[in-house]
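Below: the structure, in structure tokens.
The values are calculated or read from the model by the stated rules, or taken from the named source; none is laboratory data. Note that this is a predicted model, so its numbers are computed, not measured. A quick note on method: Cβ atoms are made from the backbone with ideal geometry, for glycine too, and the neighbour counts reach across all protein chains shown. With ligands, DNA and RNA removed, areas are computed over all heavy atoms of the protein, side chains included. Shrake-Rupley method; radii C 1.70, N 1.55, O 1.52, S 1.80 Å.
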Amino acid sequence: MAACAIAVRPDQEGLVEPVARSLAEAYVQPDVAWPRLIVDGDRPVGFLMAFLDIQWRPEDPTDVRSGLWRLNIAADQQGRGYGRFAVAAVAEELRRRGTDRLITTWVPGAHGPERFYRRLGFRLTGERSGDQVVGELAL
């Protein structure tokens, strides 16, 4: 499958799971996962997967969130607007479903995507999800 051939830069490999793993997770969680291949013409350039209506904190059943779960843009296609397009596509889908915020997480650090997300308007919530920080974009 063409999606599985999408590879991020070597310095990003530890920051996002490979597309094959995302597809496996989508297969076993079809009610939560919203996977999409990003193509330009007939050329795959990236992959995104949103999560839909998950209980965020086990101790609070009313804290249900949706957002961007994975974003993989091919190493040679980064910096061309595909990531912005992907985030906009997820935002549009969440708005269509009546959601007023888009959540995502990322590993902080020099090669991480924080600058990218912050330029798109995400703000840090002060929360952590494992070793990742949580960002939120108001819709």
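Which residue is modelled with the lowest pLDDT, if the candidates are limited to the range 106-139 and must be assigned to a strand (DSSP E or B) and among the basic types (Lys, Arg)? Write out each step before concluding.
From the range 106-139, those assigned to a strand (DSSP E or B) are 106, 123-129, 132-138; that's our starting set.
Of the ones still in play, those that are also among the basic types (Lys, Arg) are 123, 128.
Working: Arg123: 98, Arg128: 95.
Looking at the filtered set, the residue picked out is Arg128.
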Subject >> Restricting the range 42-59 to residues that are out of contact with any helix residue (DSSP H, G or I) (no Cβ under 9 Å at 6 or more places or on another chain) and open to solvent by 70 Å² or more (accessible area, probe 1.4 Å), the residue that is farthest from Thr105 (Cα to Cα) >> reply: Asp42
Original post:
Does Leu68 meet the test of being in a strand (DSSP E or B), at pLDDT 95 or above, of a type outside the set (D, E, K, R) and buried (at least 19 other Cβ atoms within 10 Å of the Cβ)?
Top reply: yes
Subject >> Failed item in (1) within 28 Å of Asp11 (Cα to Cα); (2) part of a helix (DSSP H, G or I); (3) open to solvent by less than 30 Å² (accessible area, probe 1.4 Å), with Glu93 passing the rest >> reply: (1)
Original post:
Restricted to the range 15-38, and to residues that are more than 22 Å from Gly112 (Cα to Cα) and small (Gly, Ala, Ser), which residue is farthest from the chain's Cα centre (by Cα)?
Top reply: Ala24
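So, in the range 73-93, how many residues would count as being within 17 Å of Ala5 (Cβ to Cβ) and not β-branched (Val, Ile, Thr)?
Number of matching residues: 6.
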Original post:
Before we move on, is Thr105 in contact with a strand residue (DSSP E or B) (Cβ under 9 Å, 6 or more places away or on another chain), buried (at least 18 other Cβ atoms within 10 Å of the Cβ) and among the hydroxyl-bearing types (Ser, Thr, Tyr)?
Top reply: yes
**OP:** Keeping to the range 1-41, report how many residues are part of a loop (DSSP other than H, G, I, E, B), in contact with a Pro (Cβ under 8 Å, 6 or more places away or on another chain), open to solvent by 50 Å² or more (accessible area, probe 1.4 Å) and over 15 Å from Trp69 (Cβ atoms).
**Re:** 1
**OP:** Output the number of the condition that Val134 fails; it satisfies all remaining conditions of (1) crowded, with 18+ Cβ neighbours inside 10 Å; (2) without any contact (Cβ under 8 Å) to a residue 12 or more places away in the chain.
**Re:** (2)
Original post:
Do you know which residues across the range 71-83 are more than 17 Å from Met49 (Cβ to Cβ), in contact (Cβ under 8 Å) with a residue 24 or more places away in the chain and either open to solvent by 30 Å² or more (accessible area, probe 1.4 Å) or assigned to a loop (DSSP other than H, G, I, E, B) (or both)?
Top reply: Ala75, Gln78, Arg80
